[in-house]
Amino acid sequence: MNVLEKRPTDPLFWFSALSAGLTLLIGLGFYVYLFWASWPLWRDHSLSFFTSTDWFPGESYGALAMIYGSVMVSTLALVTALPFALAGAVTASEFLSPRLRLVFKAAMELMAGVPGIVYGLLGAALLALWVKDWFGLIDGNTLFTAGILLGVMILPTIMTLAEDAIHSVPREFRETAASLGLPPLQAFFRVVFPQALPGIVGAVLLGLGRALGETIAVMLVIGGLDMIPSPWFDWFAPGQSIPSKLGREAAEAIGSGMHWNALLGLGCALFSGSMLLTGFGSYLLRRRQR
C-alpha cells in the first residue's frame, strides 16, 4: 500500500505534499532558468569556458580561476574544520552527560546560524590582519585567509550533524563491545565509528556544500583577483571564488549581454556542484538514520 492510499483525505498530508512538490518545482525551475539564460555562453564558448582563465567583460569569459579558487578555499576549509568537528562530535556523543551534550549542541547550532556577513566582518577586521602579521605578507586578503574563515563557518554544521550520526548508533553496539572487554576508545573506533561513517561523510558533504556557496564572507577576505597563482599551491596569494565573483559583478552586469550570460553560467556550475554534494550528503544521512 502506498502513501496516497493510506491518507488520501488527510488535509495535513495534502498540505505537506503540496508544499514539498512546490519546493521541488521552484528549485528545478531555478536550475532550468540558469541553464536557459546562460545558453548564449554555452553556445559561443562551450568547454573553453571551463578551461580558460581569461575573464575580460566584453571580450572573453573563462571560469577556471574561479573554479580553482572555490576548490582550494573549500579544501582548506575542510582540512581546517574536520579534525575539530570530529573531535567535538565524539566528545559530545560519547563522553558528555546528557545535559552537557544538549548545552554543547545548542551552542553549536547557534554558531551555525550566525549570518555569513558577521563572519566576514570578523574575518576582515581580525583574521586578515593576523594572517598578514604572522606570515609577513603585504596583504592579508588571500586564499588561505578565506579557507580558514570558511573552516570556522562550517565547523558547527559538520560537528552537530556528525554528532547526530554517532549518537544514533544503537546503544546495544556499545554494550556488546564493553561486554567483550574493549575499552571505550577502542570500542568507538572498532564498533561505533564504522556504523556512523555514512552519516559522518554526509555531514562533511553538507558542510562542503555550504562552503562552496558562501559569498559575502569569502568576498571580504579572498583578495578578488581572477588568477591562478604560480606555483598553483601558493595559499598566500589573492584569488577569486565563484560566489565572490558573482557577488562583485552581478549588480553591474545584470541583464546586459554576454557578461550577464557568463555570470549565470557560473551560477549554473555552482548550482550543479552544490546540488550534487548536498544531495549525496543527504542520501548518506538518511541511509544512516534507516
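The values are calculated or read from the model by the stated rules, or taken from the named source; none is laboratory data. What you see is a predicted model; the values in this text were computed from it and never measured. Using ideal geometry, Cβ is built from the backbone for each residue, glycine included, and neighbour counts are taken over all protein chains shown. Accessible surface is based on the protein model in full, side chains and every heavy atom, while ligands, DNA and RNA are left aside. Shrake-Rupley method; radii C 1.70, N 1.55, O 1.52, S 1.80 Å.
Scanning the stretch 238-246 turns up no residue that is farther than 17 Å from residue 160 by Cα, open to solvent by 70 Å² or more (accessible area, probe 1.4 Å) and free of Cβ contacts under 8 Å to residues at least 40 places away in the same chain.
What are the pairs with Cβ atoms under 9 angstrom where one residue, in the stretch 1-28, is on the phi > 0 side of the Ramachandran plot and of a type outside the set (S, T, N, Q) and the other, located anywhere, is at pLDDT below 70 and surrounded by fewer than 10 Cβ atoms within 10 Å (Cβ to Cβ)? Sequence gap at least six, or different chains. Close Cβ pairs (under 9 Å, with a partner that is at pLDDT below 70 and surrounded by fewer than 10 Cβ atoms within 10 Å (Cβ to Cβ)) do not exist here. Quick one: which of 55, 36, 42 is open to solvent by 80 Å² or more (accessible area, probe 1.4 Å) and either over 30 Å from residue 234 (Cα atoms) or among the hydrophobic types (A, V, I, L, M, F, W, C) (or both)? Result of the check over 55, 36, 42: 36.
Within the set 128, 146, the sole residue that is assigned to a helix (DSSP H, G or I), small (Gly, Ala, Ser) and in contact with a Gly (Cβ under 7 Å, 6 or more places away or on another chain) turns out to be 128. Just to be sure, is residue 29 part of a loop (DSSP other than H, G, I, E, B), more than 20 Å from the chain's Cα centre (by Cα) and either surrounded by fewer than 19 Cβ atoms within 10 Å (Cβ to Cβ) or not small (Gly, Ala, Ser) (or both)? It is false that residue 29 is part of a loop (DSSP other than H, G, I, E, B), more than 20 Å from the chain's Cα centre (by Cα) and either surrounded by fewer than 19 Cβ atoms within 10 Å (Cβ to Cβ) or not small (Gly, Ala, Ser) (or both). When we screen 201, 192 for residues that are open to solvent by 40 Å² or more (accessible area, probe 1.4 Å), in contact with a helix residue (DSSP H, G or I) (Cβ under 7 Å, 6 or more places away or on another chain) and either assigned to a helix (DSSP H, G or I) or among the hydrophobic types (A, V, I, L, M, F, W, C) (or both), the only hit is 201. The residue that is farthest from residue 206 (Cα to Cα), among those in the stretch 38-65 that are touching a strand residue (DSSP E or B) at 6+ places or on another chain (Cβ under 8 Å) and assigned to a helix (DSSP H, G or I), is 45.
Residues in the stretch 96-117 that are part of a helix (DSSP H, G or I), open to solvent by 60 Å² or more (accessible area, probe 1.4 Å) and under 17 Å from residue 243 (Cα atoms): 1 in all. Here's a check for you: in the stretch 61-94, which residue that is farther than 22 Å from residue 218 by Cα and not charged (D, E, K, R) is surrounded by the most Cβ atoms within 10 Å (Cβ to Cβ)? Selected residue: 89. Residues in the stretch 178-189 that are without any contact (Cβ under 8 Å) to a residue 60 or more places away in the chain and surrounded by fewer than 15 Cβ atoms within 10 Å (Cβ to Cβ): 178, 179, 180, 181, 183, 185, 186, 189. Here residue 212 does not qualify as open to solvent by 40 Å² or more (accessible area, probe 1.4 Å), in a helix (DSSP H, G or I), at pLDDT below 85 and out of contact with any strand residue (DSSP E or B) (no Cβ under 9 Å at 6 or more places or on another chain).
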